[in-house]
1. Sort through T228, T279, T237 and tell me the only one that's in a strand (DSSP E or B) and more than 20 Å from H358 (Cα to Cα).
2. What is the number of the single condition among (1) free of Cβ contacts under 8 Å to residues at least 40 places away in the same chain; (2) in contact with a strand residue (DSSP E or B) (Cβ under 6 Å, 6 or more places away or on another chain); (3) closer than 18 Å to V264 by Cα; (4) crowded, with 17+ Cβ neighbours inside 10 Å that G316 does not meet?
3. Give the residue, chosen from A219, A266, that is touching a residue at least 40 places away in the same chain (Cβ under 8 Å), surrounded by 21 or more Cβ atoms within 10 Å (Cβ to Cβ) and farther than 17 Å from A394 by Cα.
4. With the requirement that a residue be of a type in the set (G, A, S), part of a strand (DSSP E or B) and over 30 Å from A286 (Cβ atoms), what does the stretch 85-134 give you?
5. Sort out which residues of the stretch 325-384 are among the charged types (D, E, K, R), surrounded by 19 or more Cβ atoms within 10 Å (Cβ to Cβ) and part of a strand (DSSP E or B), and write them in order of number.
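Bear in mind these aren't lab numbers, they're just calculated from the coordinates by the rules spelled out. Treat the numbers as computed from the prediction; the structure is a model and nothing was measured. For neighbour counting, all protein chains shown are included, and Cβ atoms are generated from backbone atoms with ideal geometry for every residue, glycine included.
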Amino acid sequence: MFTRAVLVMTGALVLTLVGGCGNVPAREHVPAFPPDAAATRPAVPPSLPPSPPPTALSPPPSPVGELARSSLAPAPSRPDLASSLAVAMATAAPLAASGPPRFFVSAWTPIARFPERSKTAILTPVPPSVHDAGTGRFIAAVPLPPGVESSWKLAAAAPDNRTFLLSGTGGREGDVRFFRVRLDEEGRPGTPEPVPESGRGVSGGLPVLAMSHDGTRFAFADMVAGGTIVRVVEIATGARRDWFSGDMRVSGLSWAPDGRRIAVAAPNRGLGVLDLAATGSDLVAATRLVRPMRGLPPVESVAYTPDGGSLVYSVGHDIERVPADGGDAVVLARLSLPKSTSLTVRFALDGTGRHLLHTHDRRLHRVDLRDGSTDSVPIGTGDLPPGGQTPDAAW
């Protein structure tokens, strides 16, 4: 059972991050994200600076226009970080894309209903579901593993269009658990594979999830006391590696095809690349800036192209591409969406790098990045109750 306060708080967590100050030593040879005040959005990004000598990274100053923290308020303490995963990189061969995607998987939140004069919600679980990528037709519900009572709004995919990572809730209130599902050639899901110990300390407030191209690991961003944490988790064992930032918000993650880097979209910083071989746990110090940007419209999602040479990302309702090493950005598509929609677009890129999907108003919108054209289909639910919100989707 979820209280109304818990549901309202969870919705608020999706929209905002409140960070403290992280004061963690910087690592060598990795140019870090600049302070917010320096993170402007030029028309042409500057070239990357030479690698600085190892120095301590001071907390960046408060962004212009934001209220300074009170000198009387103590800074939040740094959370306990996990380092049970000795090597964070995904080293197996990427799963091959077989052409345009045939399927997509939708992930819904439970339906919450408050009886009259009650502050406690009655939840109707809505499992994830598989759909035909061309028509949106419902194919099958994805079974939930033991101990998972309902799905949650998180989904990611490997490039083969058959391997998906999903999340659900169960156990303690607010606990989030992850599981992998593989589809057969007809799109029917197999037995879910739970990730051991994957839900401890996960609030589920941030719908930011990415799967490695070999299908063995995933990364997600989450809010913790004092800031944001990015975690890499090994699916087979649940071992993980954490990076933390006291003030950097994260809205999007994407694995490089070689498994050695993760692209990071940070609305209050820009686009960066996290080096998974970097030592330490300072997210800012381990992340190399690719494209600085700050303000409106904000950057939201990011995805590596299949060759690993470029990053595709959303800024407002525009889809752009920039070289992964930095350089000039080009606009691939300008999405036409109702004025009532969010200022940002969360998307998934398919394994070929040609097709992008995003959801709005219970419809799947497909964008062909070769010419910027868009079409859409309704997301079928079959006999399942329609979820309380438009789902996230992955292919």
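1. Unique residue meeting the criteria: T228.
2. (2)
3. Just a single option satisfies the conditions, and that option is A266.
4. Answer for the stretch 85-134, where residues must be of a type in the set (G, A, S), part of a strand (DSSP E or B) and over 30 Å from A286 (Cβ atoms): S106, A112, A121, S129.
5. Once the filter is applied, which keeps residues that are among the charged types (D, E, K, R), surrounded by 19 or more Cβ atoms within 10 Å (Cβ to Cβ) and part of a strand (DSSP E or B), the stretch 325-384 yields only R366.
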